[in-house]
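Enquirer: Handing you a structure now.
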Amino acid sequence: MNEIKPEKWRAPSNIALVKYWGKHGVQLPMNPSISFTLDKAYTETEVLFLPDGERNIDFLFEGKEKHGFLPKLQQFLVRIEPYCPWLSRYSLEISTSNSFPHSSGIASSASGMAALSLCITAFEAKMEGTLHDLNKASTLARLGSGSACRSLRGGFNLWGACPDVSPSSDEYAVNLAQVHPDFLELQDTILLVDKGEKKVSSSLGHKLMDGHPYAGQRFLQAKSNTSNLLKILKMGDFMALAELMEQEALALHAMMMTSSPHFMLFMPSSIAIIRRVMELRAEGLHISFTVDAGANIHLIYPKVFSTEIMEIVQHELLVYCHAGAYLCDRVGQGPIDLNT
């Protein structure tokens, strides 16, 4: 009898430059989004597929049972059943861990669902003797967490149908090949202003866009910014990237501040950092920021400015961070097959 071996994959998180905020159907975006894959922020997941004719799930997070995640896993398996009907005959033993701390301003759902989807599609490919389909893995990941579909390839990725890119799809993300080499070395230093639990879940945040008085204009803005960002990525103009990226981050928070109910996710320290970053760039320094749905600030800058900017972080900006905490990352190469 052949030994049953688990599938094991590492998948990175990603940070969106054009934001996905608002969805329809089953995890389909109201506007396209563009992100870059991170390098040091990743999830490692191991799945043992047991062909016992049932569909039980055992789930360990960093060596401990986490029953609270089981409902989300069950929902995910129901959603992907039309794509992987064979899964109904298997029980899954899932073990997962992150390289980054919880509530650190990095999307663990993106890396986690991407890693799990890679395990499923890689096992399916081996079982059927076919090539590993990364588009299918991206589609499955999307059904677990929308932004997860952008974590299946390295560099910059586009999710959402876009007339400027062919192929492109609302179903899965595609890699952007035409990116200036300087942008493939961008750095991301994450200033941890608030290490508390997320104030607004992604699911609630997206629902706030339903009936939002400014939603239609926001979706048009994101589509326009996507087209503009595609041009900027080819040119390598960092200052143009900075302006667009910051507009997107602030638009995301503006939508939450004008929704019903409304939320203010920035902390005073978040605003202080943002103001200082804007001042530094006005003085000619190549530095910018983006923010997800929280208070933590991602400093984005070219690699050649790393020494100067890290001195500013150490001497000026750490005072705004919770216990002086920050993380350093960069554009990454994408998932890694850990089975070899």
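The values are calculated or read from the model by the stated rules, or taken from the named source; none is laboratory data. In this text the structure is predicted, and so the values were computed from the model without any measurement. Heads up, the Cβs are rebuilt from the backbone with ideal geometry, glycines too, and the neighbour counts pull from every protein chain shown.
Enquirer: Quickly run through the stretch 2-37 and pick out the residues that are assigned to a strand (DSSP E or B) and either under 19 Å from residue 220 (Cα atoms) or free of Cβ contacts under 8 Å to residues at least 40 places away in the same chain (or both).
Expert: 16, 17, 18, 23, 24, 28, 29, 33, 34, 35 - these are the residues of the stretch 2-37 that are assigned to a strand (DSSP E or B) and either under 19 Å from residue 220 (Cα atoms) or free of Cβ contacts under 8 Å to residues at least 40 places away in the same chain (or both).
Enquirer: Taking the stretch 172-199 as the region of interest, how many residues are in a strand (DSSP E or B) and in the same structural domain as residue 117 (by TED's automatic domain parsing)?
Expert: Total meeting the criteria: 3.
Enquirer: What are the residues in the stretch 130-156 that are surrounded by fewer than 20 Cβ atoms within 10 Å (Cβ to Cβ) and farther than 15 Å from residue 12 by Cα, if any?
Expert: Hits for the stretch 130-156 are 130, 131, 132, 133, 135.
Enquirer: What pairs come out if I take residues in the stretch 109-133 that are under 20 Å from residue 37 (Cα atoms) and outside the structural domain of residue 80 (by TED's automatic domain parsing) and pair them with residues that are modelled with pLDDT of 95 or more and not small (Gly, Ala, Ser) whose C-beta lies under 9 Å away, six or more apart or interchain?
Expert: Going by the 9 Å Cβ cut-off, there are no qualifying pairs.
Enquirer: Scan the stretch 277-302 for residues that are farther than 30 Å from residue 202 by Cα and surrounded by 14 or more Cβ atoms within 10 Å (Cβ to Cβ) and jot them down.
Expert: If the condition is that a residue be farther than 30 Å from residue 202 by Cα and surrounded by 14 or more Cβ atoms within 10 Å (Cβ to Cβ), then 280, 281, 285, 286 are the ones that fit.
Enquirer: Another question, then. Only one of (1) over 23 Å from residue 16 (Cα atoms); (2) modelled with pLDDT of 95 or more is not met by residue 68, so which one is it?
Expert: Going through (1) over 23 Å from residue 16 (Cα atoms); (2) modelled with pLDDT of 95 or more one by one, residue 68 breaks only (2).
Enquirer: Return the residues of the stretch 251-273 that are surrounded by fewer than 19 Cβ atoms within 10 Å (Cβ to Cβ), touching a residue at least 12 places away in the same chain (Cβ under 8 Å), under 27 Å from residue 311 (Cβ atoms) and not small (Gly, Ala, Ser); say none if nothing qualifies.
Expert: Within the stretch 251-273, 267 is the sole residue that qualifies.
Enquirer: Which of (1) surrounded by 15 or more Cβ atoms within 10 Å (Cβ to Cβ); (2) closer than 20 Å to residue 21 by Cα is the odd one out, the single condition residue 186 does not satisfy?
Expert: (2)
Enquirer: Taking the condition of being in contact with a helix residue (DSSP H, G or I) (Cβ under 7 Å, 6 or more places away or on another chain) and closer than 14 Å to residue 270 by Cβ, how many residues in the stretch 178-205 meet it?
Expert: The number of residues fulfilling the criteria is 5.
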